[in-house]
Amino acid sequence: MTRSTIKTNSTDHKIAKLAAIAVAISLVEFFLPSPIPGVKPGIANIIILYTIFKFDYQTGVWVSLIRVFITSIIIGTFLSPTFFLSLSGALCSLLIVLIFKNYNKKKFSLISISLLASLAHIVGQFIVVRVWIIPHDGILYLLPLFLISAFIFGIVNGIIVQKLITSKTK
Amino acid sequence: MKLAGIKNLMQKILLLIKKFKSGDWLVILLFISLIFFITKYYWEFPQGQYLKIEKNNEIIGTYSLNQKNTFTIDSHMGASEIVIDNNRARFLKSPCKKQYCIHQGWIKKINQTIICLPNQISISVIGNKEQFDSINY
Amino acid sequence: MSFNKIILSLFLCLLYGCSHDPIYQKKHYIFGTLVDIKIYGEKEETATNISNKIIKELNRLHQLLHPWNPGIISDINQAIANDKSIYINNNEIINIIHDASTLENNTKGIFNPAIGKLVNLWGFHSETLPTKLPSKEAINNLVTLKPSMNNILIKNNILKSKNNSVQIDLGGYGKGYALDQIKNILSVNDIPNALINIGGNILALGKRGSKTWVVAIQNPREPGVIAKISLKPGWSIGTSGDYQKYLINDGIRYSHLINPFTGLPSQGTQSAIVLTPPSVNSGTLSDVYSKPLFIAHKNKKLIVAKSLGLNYFLIIMEDNSIIISRDMMNEISWYQEPDAKNIITN
């Protein structure tokens, strides 16, 4: 029998490394308190954005999905409502980035993309909460809080990613 | 020493902000206004009933009917007492001569109003939407 | 860049639209009562301006028409009581006196602004509560003297009265008249949409945007409203009731609306509401014509309404039964549906 090996190339290594960091961040985030358990600001988005703009979009998608799956497996929330929250947030975020990533690079920097991704992330999570987990309009009273947090993290993440990308290319 | 540190921080922040492009500011603006409108929409007075007390056409306050309390309002004629209890309200004491306001008794339903004309003090129960523009009496 | 500009300008329009509240409202305690002014669709500056003009006019009218404070009316009443003639250089007052006279005749004397002495006798000419009932004698004396606006003659600006028991009291006329004056002010100043409430008497001009103005009708016995009705452009609504100014003696309520023929406060009716269509003096009519509907005997109310050409009226009797016109019944919206057994219509 020939030994079948799965050859990994440097791209795979990159993805693995980045995903690992993203998972680590997600785990830390998991322990942060939140008014609605499971809805998180998405600090790991820094890694995702970095990946997308340093390398390419596809790589970013991989990292993002791996993060969601691995994190939930490690914590033990795989296929639980929390998992779907996380997944929904990640997917919405990815979708928005896909739409806007090449839009007018002259007028819009990474900050904008980060803000939009952050917004999509929160909205994606909120939709799952409202439709499935807590189907009650009362939950919407918390939306302003999360929007503010999304705004702050959107800017902070954007600045950090910007810094990472420009400094690394030097 | 601390001042220098703060100055440093401010400079760093300014540098960062300078990196924002024109389009970024637009996104920031839109995001902030989104937050503003959503907050405004969802954080309005929750459904419930309140007592609006007005003196000389100015709203002195809007108080929840869900409490037990007595309010003293001073006016040129003297002091009036308005009491809220058991989800209803009434004039308890008034310096006016005719005391019509006191004789009106308790009010508790939305739009019920008692006016003490000589004193220019009025109390009215308010809820959410007004269904009409004015009252004929 | 143009795309950004579009977004920015849209955003600014949104902000502007949100902050621009199309209804201006101001309440004032003037004219001896509570006045509520609502103006629709004008800039705040314009609305404030017109509101001030209205206040000014109301203050002027308050002075002019006051039934017992010092003023022209007082002077006239004094002259009449002393069998003297008096020179009047105020054409407005002359017109009002003629108008009041006409209305007294229209209502066959039920509305009679010349019975000031009777009103005073019952104690309704002061700021304090009447405490005791006047004697039957005193009442009868005044009634038999039959004061009437027709006793007053004005020629070449000189006013004289054949009957010295006449005392002019425009209490049942003033609010409506004020509404008509304000109607003119708003028209002259190009304000098409407003809702003016003077002590409960309301005039509607134009509409509230795309919606008609809506007014609610007070419950005569409890704080609260019993019904609402649309007040179409130009229409007015007025009410006479026994629930605002009254005297209670030995458990009996005596309203301030005196029947000129008996000298006694009218009893048996809680409130009478009329709506009048747009006309030069619709405001005045909405005020004045509610009186005969209130005072007239139950069996005569429908006849009185017909003779005055009223198509929209609602009368609530002491026993809570209702006399309501067909047109009013079709348009009114009840908060507390009245018992069908207790309704009389025309």
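The values are calculated or read from the model by the stated rules, or taken from the named source; none is laboratory data. As the structure is a computational prediction, the values presented were derived from the model and not from experiment. Glycine gets a Cβ as well: all are built from the backbone with ideal geometry, and neighbour counts include every protein chain shown.
A few comments on the model shown:
- Test: residue C:61 is at pLDDT below 95 and not polar (S, T, N, Q): no
- Residues satisfying the criterion are absent from the stretch B:122-137 (criterion: surrounded by 22 or more Cβ atoms within 10 Å (Cβ to Cβ), without any contact (Cβ under 8 Å) to a residue 60 or more places away in the chain, of a type in the set (Phe, Trp, Tyr) and more than 9 Å from every other protein chain (Cβ to nearest Cβ)).
- Among residues of the stretch A:118-147 that are over 20 Å from residue A:42 (Cα atoms) and hydroxyl-bearing (Ser, Thr, Tyr), those with a Cβ under 6 angstrom from a residue that is surrounded by fewer than 19 Cβ atoms within 10 Å (Cβ to Cβ) and at pLDDT below 85, sequence gap 6+ or separate chain, pair up as A:141/B:42.
Yes or no, residue by residue, for (1) at the interface with another protein chain (Cβ under 8 Å from one of its Cβ atoms); (2) over 16 Å from the mean Cα position of the chain (by Cα); (3) surrounded by 13 or more Cβ atoms within 10 Å (Cβ to Cβ); (4) under 30 Å from residue A:115 (Cβ atoms):
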| residue | (1), (2), (3), (4) |
| --- | --- |
| B:52 | no, no, yes, no |
| B:73 | no, yes, yes, no |
| B:78 | no, yes, no, no |
| B:84 | no, yes, yes, no |
| B:88 | no, yes, yes, no |
| B:112 | yes, yes, yes, no |
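- Of all residues in the stretch C:320-330, those satisfying the criterion of being surrounded by 13 or more Cβ atoms within 10 Å (Cβ to Cβ) and not hydrophobic (A, V, I, L, M, F, W, C) are C:321, C:325, C:327.
- Selection within the stretch C:50-74 - part of a helix (DSSP H, G or I), without any contact (Cβ under 8 Å) to a residue 40 or more places away in the chain and over 27 Å from residue C:216 (Cα atoms): C:56, C:60, C:63, C:64, C:72, C:74
- Filtered by the rule that a residue be closer than 22 Å to residue C:245 by Cα and in contact with a helix residue (DSSP H, G or I) (Cβ under 6 Å, 6 or more places away or on another chain), the stretch C:106-120 gives C:110, C:111, C:112, C:113, C:114, C:117, C:118.
- From the list A:108, A:83, the lone residue that is within 18 Å of residue A:29 (Cβ to Cβ) and either within 14 Å of another protein chain (Cβ to nearest Cβ) or outside any loop (DSSP other than H, G, I, E, B) (or both) is A:83.
- Scanning the stretch C:291-319 for residues that are surrounded by fewer than 23 Cβ atoms within 10 Å (Cβ to Cβ), of a type in the set (A, V, I, L, M) and in a helix (DSSP H, G or I) returns C:302, C:303, C:304.
- Selection from the stretch A:86-105 of residues that are within 14 Å of another protein chain (Cβ to nearest Cβ), under 19 Å from residue A:18 (Cβ atoms) and either outside any helix (DSSP H, G or I) or at pLDDT below 90 (or both): A:101
- Within the stretch C:194-247, being in contact with a Lys or Arg (Cβ under 7 Å, 6 or more places away or on another chain), within 9 Å of chain B (Cβ to nearest Cβ), modelled with pLDDT of 90 or more and assigned to a loop (DSSP other than H, G, I, E, B) holds for one residue alone: C:199.
- Filtering the stretch C:337-345 for residues that are farther than 20 Å from residue C:112 by Cβ, outside any helix (DSSP H, G or I) and in contact with a helix residue (DSSP H, G or I) (Cβ under 6 Å, 6 or more places away or on another chain) leaves a non-empty set.
- Some residue of the stretch B:23-31 being loosely packed, with under 13 Cβ neighbours inside 10 Å and either within 30 Å of residue A:153 (Cα to Cα) or more than 14 Å from chain A (Cβ to nearest Cβ) (or both): no
- Contact map, the stretch C:104-129: residues that are more than 17 Å from residue C:297 (Cα to Cα) paired with residues that are buried (at least 22 other Cβ atoms within 10 Å of the Cβ) and of a type in the set (S, T, N, Q), Cβ distance under 6 Å, separation 6+ or inter-chain. Pairs shown: C:104/C:112; C:116/C:167; C:117/C:167.
- Among all residues of the stretch A:3-21, there is none that is under 30 Å from residue A:134 (Cα atoms) and at pLDDT 85 or above.
- Residue match in the stretch C:162-181 (condition: over 24 Å from residue C:287 (Cβ atoms) and buried (at least 21 other Cβ atoms within 10 Å of the Cβ)): yes
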